[in-house]
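**Q** Handing you a structure now.
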Amino acid sequence: MNSAKHSRLRAPAIMIIAGTGLAAAVVVGQGWKAAVPAEALGVVAAIGYYLWGGRDSDFGAMIGSRVDERQSLLRMRAQSLGGLAGTIAALIGYMVAVALKDPVWPFVLILGVQVIAFIAGLAIYGAHRDAPRTE
Amino acid sequence: MQNRVREERTQRGISQAEIAAALGVSRQTVISIESGRYSPSLPLAFRIARFFDSTVDKMFDPEDEVDP
């Protein structure tokens, strides 16, 4: 029970940390006043995630970090689709930036990270382990 | 993949929530398995078979089985 409660807090905690990181960036760029909405957004998102994470649904299980094998597969497929969409968006952004002679490094960075993460994923999850042929 | 999960469960008067708790999966997954929308992994298939004192080949029938 305790472990389930802790896992339900994982996503909200990440939201708080991300919101605080965003707020810190806003403080540096625009000052304290502008950072308050950014932090508030993180807190609201964290509360929403916590409440949603308690629901008896597939999405609730994913938010609450208590997925079973089917929900894990579902999440993995959705993440894969999200990754593919991100790659396509970065590629389009790169082409537009080249055409407009704008800086391309953000798109190169995104595409580079995705390519490296894909190759690392193959290595980590065992695609390099070719089993010897047996007759 | 066709299976006898719903049939066996209703025969025993067990709810989807009860079998989900016993198998360590969500109620939504039990629903998906019963409706044939999700084929469980081998470990889960064995857990289901054991739960009903049966065997995997009796509980599950791959309707689109491919000849070797």
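**Q** Examine the stretch B:30-43 for a residue that is free of Cβ contacts under 8 Å to residues at least 40 places away in the same chain and farther than 30 Å from A:S65 by Cα, and state whether such a residue exists. First the steps, then the outcome.
**A** First, pick out the residues of the stretch B:30-43 that are free of Cβ contacts under 8 Å to residues at least 40 places away in the same chain: B:30-43.
Those still in the list that are farther than 30 Å from A:S65 by Cα too: none.
Checked against the condition, which is being free of Cβ contacts under 8 Å to residues at least 40 places away in the same chain and farther than 30 Å from A:S65 by Cα, the stretch B:30-43 yields no hits at all.
**Q** Quick check on my filter: what residues within the stretch A:53-76 are over 18 Å from B:L44 (Cβ atoms), within 9 Å of chain B (Cβ to nearest Cβ) and at pLDDT below 90? Steps first, please.
**A** Pass one, the stretch A:53-76, residues over 18 Å from B:L44 (Cβ atoms): A:53-57, A:59-60, A:62-65.
So of that shortlist, the ones also within 9 Å of chain B (Cβ to nearest Cβ) come out as A:56-57.
Result: A:D56, single match.
**Q** Quick one: in the stretch A:50-77, of everything that is in contact with an Asp or Glu (Cβ under 9 Å, 6 or more places away or on another chain) and not aliphatic (A, V, I, L, M), which residue is surrounded by the fewest Cβ atoms within 10 Å (Cβ to Cβ)? Lay out the reasoning, then the answer.
**A** Taking the stretch A:50-77 and keeping what is in contact with an Asp or Glu (Cβ under 9 Å, 6 or more places away or on another chain), we get A:61, A:67, A:70-71, A:74-75.
Those still in the list that are not aliphatic (A, V, I, L, M) too: A:70-71, A:75.
Details: A:R70: 23, A:Q71: 21, A:R75: 15.
Going through the qualifying residues, I end up with A:R75.
**Q** Let me ask another. Do the conditions hold for A:V96, that is, is it touching an Asp or Glu at 6+ places or on another chain (Cβ under 9 Å), farther than 27 Å from A:H6 by Cα, part of a helix (DSSP H, G or I) and aliphatic (A, V, I, L, M)?
**A** Against the criterion (touching an Asp or Glu at 6+ places or on another chain (Cβ under 9 Å), farther than 27 Å from A:H6 by Cα, part of a helix (DSSP H, G or I) and aliphatic (A, V, I, L, M)), A:V96 qualifies.
**Q** Let me ask another. Restricting to helices (runs of 4 or more DSSP H) lying wholly in chain B: which have 1 or more residues that are of a type in the set (F, W, Y) and surrounded by 14 or more Cβ atoms within 10 Å (Cβ to Cβ)? Before the answer, list the steps.
**A** On the way: elements: B:5-12, B:16-23, B:27-34, B:42-51, B:56-59.
Those helices (runs of 4 or more DSSP H) span B:42-51.
The values are calculated or read from the model by the stated rules, or taken from the named source; none is laboratory data. Fair warning: this is a prediction, and the values are worked out from it, not measured in the lab. Cβ: placed from backbone, ideal geometry, glycine included. Neighbour counts: every protein chain shown.
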